[in-house]
Amino acid sequence: MITREPPAFFHRGPSPLARLTFFTIAAVALMITDHRFHALETVRLSLSVFAHPVQQFAAMPGAALGRVGDYFASQERLLRDNQELKAKILEQSAAAQEARLLKAEQAHLLSMAPGRSRYSENGVVAEVLYTARNPFTRKIVVDKGLTHSIQSGMPVIDDTGVVGQVTNVGTFTSEVTLVTEKDQSVPVMLVRNGLRAVAVGSGKDGSIDIPSMPSSADVQNGDMFVTAGIDGTYPPGLVVARVTSVEKNAAYVFAKIIARPAAGVDNHRYVMVLPLPAAAAARPETKEDQPRKTGRERARGRRP
């Protein structure tokens, strides 16, 4: 390839070395002048105004990449913080539920403490361990037995009323039959007018029946039945149930009365076992209480 030199007309002017030397000296002079007298301050400010958009435009890709990285880092941090907050919320929720349970149990125990109930002085506070193994019976097992002087027949209450009666006693545990158990009866008295009756557990849906009540009896919804204290088991005045339904039919002799137990027979964790009344505990054994002897035993007893 043959290169042709331009005409001599284009070679006119200073040489490159001369131009380099001139501009070098000029730059050094401007730097010295600006350093000593700040002569180029205005020029520098003017140039910065024009250079700022160029700088912003040149920095845009780096800033965009930085924002994208910050976005993903923020998302990851937010997800991690969210998981930690959820774990803390669950922990706090469990602690709050436990605190509410402890507060409710404390209030329940305080309601049965001495000074709050006339029956609490000689009563024994027991914890409900579990329900009876037979799912067709309404019984519970408490953590007090013979070692705590628990006897069969003792009444069991909570802070609102009668829960049931001790029917089976072991060394360390006892079985309590609830008042809602089928055929479990309690002599009661109507608070409003003193009418006496017998409350019998229905064995279904946790209700109590009041059978053999004449249709002419003055019983209304909302009436409260308390223990009459004539059976030698339950002290008088313990709340048993509140009437929820009264059906009277002239064609029948007796009214159909259904009541709801006042005590939390299926709710509370702690109950109180009351001692038997003094009359029942100290009642001497009668001939009817002693087992009957057969003819052979009577004959053996006559032998010298």
Legend entry - Label zone at Phe172, where the point sits 7 Å out along the Cα-to-Cβ direction: region 140-162 residues whose backbone N lies under 14 Å: 142-148
Legend entry - Gain in span if fully extended, Ser207 to Tyr130, counting 0.36 nm per residue against the direct Cα distance: 25.7 nm
Legend entry - Cα convex hull volume per residue for region 139-237 (Å³): 106 Å³
Inset, instruction - Can you pull the one-decimal nm distance between simple spin-label points at Arg260 and Ala59, each 7 Å off the Cα toward Cβ? - result: 7.3 nm
Inset, instruction - Could you sort out which of Lys204/Lys248; Lys144/Lys182; Lys86/Lys144; Lys88/Lys144 sit more than 30 Å apart by Cα distance in this structure? - result: Lys86/Lys144; Lys88/Lys144
Inset, instruction - Provide the per-residue ³J(HN,Hα) series for region 211-223, in order, calculated from phi with Karplus coefficients 6.51, -1.76, 1.60 and θ = phi - 60°, each as a whole number of Hz, with x at glycine and proline positions. - result: x, 6, 9, x, 5, 7, 5, 8, 10, 10, 4, x, 5
Inset, instruction - Return the long-range amide H neighbours of Ala241 (sequence gap of 5 or more, or a different chain), with a cut-off of under 5 Å between placed amide H atoms. - result: Phe225, Ala262
Inset, instruction - Residues in region 120-139, backbone N under 16 Å from the label point at Gln151 (7 Å along the Cα-to-beta-carbon vector): list them, ranges by number please. - result: 122-124
Legend entry - For region 43-89 versus region 169-193, the gap between their alpha-carbon centres in whole angstrom: 75 Å
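Can you tell me the equivalent ellipsoid semi-axes for region 216-255? Use √(5λ) from the Cα gyration tensor, largest first, whole Å.
Working from the Cα gyration tensor, I get semi-axes of 25, 13, 7 Å.
No value in this document is a laboratory result; all are computed from the given coordinates. Computed from a predicted structure; not experimentally measured. Positions of Cβ are generated from backbone atoms using ideal geometry, with glycine treated the same way; all protein chains shown enter the neighbour counts.
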